[in-house]
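Encoded as structure tokens, here's the structure I'll be asking about.
The values are calculated or read from the model by the stated rules, or taken from the named source; none is laboratory data. Because the structure is predicted, anything quoted here is derived from the model rather than measured. No Cβ is skipped: glycine too gets one built from the backbone with ideal geometry, and neighbour counts run over all protein chains shown. Surface areas here come from the heavy atoms of the whole protein model, side chains and all, with no ligands, DNA or RNA. Shrake-Rupley method; radii C 1.70, N 1.55, O 1.52, S 1.80 Å.
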Amino acid sequence: MDDSSDGSSTTKHKFMLFVSGMSVKSGHAIENLRKICDQYLKNNYELEIIDISRDTEQAVIHQIVAIPTLIKTDPAPRRIILGDLSDKEKVLRILNIRE
């Protein structure tokens, strides 16, 4: 773990992406989020992909009503985005990630 002395945030971004099976939309959401994370958060993120067709309990716990759903848990504030995450500018803005 490297501590940046340039004052930049060392808080790891944590995401939970809820998908259902291998639907096209779910696949796009995974792909789009990975691209954004690899480009803007380089090794500074954790991504948990939860397939609600196999893990319905998680869907209930997190009150998932639509698929795909992305929840950013860290750093605060918690953010939720619905859809395939194809609008990169909107995703960056909602997640408060700077280009």
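Compute the distance in nm between two label points, each set 7 Å from the Cα along the Cα-to-Cβ direction, one at ALA66 and one at LYS90.
Placing both labels 7 Å along Cα→Cβ, they lie 0.9 nm apart.
Check ILE49: other-chain or 5+ apart residues with amide H under 5 Å from its amide H, H built from backbone geometry?
LEU17
Determine the order of MET22, MET16 by accessible area, beginning with the largest, at a probe radius of 1.4 Å. If you can, show how the numbers build up before the last one.
Numbers: MET22 150, MET16 20 Å².
Descending order: MET22, MET16.
How large is ³J(HN,Hα), in whole Hz, for each residue of the range 85-99 in order, when computed from phi with the Karplus curve 6.51 cos²θ - 1.76 cosθ + 1.60 and θ = phi - 60°, using x for Gly and Pro?
Using θ = phi - 60°, the values come out as 6, 7, 8, 4, 4, 5, 4, 4, 5, 5, 7, 6, 10, 8, 6 Hz.
Once both axes come from the Cα atoms, what is the angle between helix 24-40 and the longest principal axis of the chain, in degrees from 0 to 90, rounded to 10?
The helix 24-40 is inclined about 10 degrees to the chain.
Hey, any idea what % of the range 5-77's accessible area is carbon plus sulfur with a 1.4 Å probe?
Details: 2110 of 4290 Å².
That fraction is 49 percent.
Once you mark the trypsin sites (Lys or Arg not before Pro) that are in a DSSP loop and have at most 15 other Cβ atoms within 10 Å, what is the longest gap between them in the chain?
Working: sites that count: LYS12, LYS42, ARG54, ARG78, ARG98.
Value returned for the longest uninterrupted segment is 13-41.
A follow-up question, please. Which value in deg cm²/dmol, rounded to the nearest 500, describes the helix-derived mean residue ellipticity at 222 nm for the chain, given -39,500 (n - 2.57) per DSSP H run of n ≥ 4 and division by the residue count? Before the final figure, lay out the partial values.
Details: 3 runs with 31 residues, N = 99.
When only DSSP H runs of four or more count, the value is -9500 deg cm²/dmol.
Shifting gears a bit: Report, to one decimal in Å, the Kirkwood hydrodynamic radius for the chain based on all distinct Cα pairs.
Numbers: mean 1/r = 0.0715 Å⁻¹.
Hydrodynamic radius (Kirkwood, Cα only) of the chain equals 14.0 Å.
From the backbone phi of the range 54-60, what are the Karplus-calculated ³J(HN,Hα) couplings (6.51 cos²θ - 1.76 cosθ + 1.60, θ = phi - 60°) in whole Hz, Gly and Pro given as x?
3J(HN,Hα) across the range 54-60, in whole Hz: 9, 10, 5, 4, 4, 4, 5.
By the scheme Lys and Arg +1, Asp and Glu -1, what is the net charge of all other residues having a beta-carbon under 13 Å from that of ASP74? Please report the intermediate quantities before stating the final value.
Working: positive: LYS12, LYS14, LYS72, ARG78, ARG79; negative: GLU46, GLU48.
Net charge in that neighbourhood comes out at +3.
If each residue of separation counts as 0.36 nm, what is the full-extension length gain between ALA76 and GLU46 once their alpha-carbon separation is subtracted? Write down the numbers at each step before the final one.
Numbers: separation 30, 0.36 × 30 = 10.80 nm, distance 1.45 nm.
Taking ALA76 through GLU46 to full extension adds about 9.3 nm, to one decimal.
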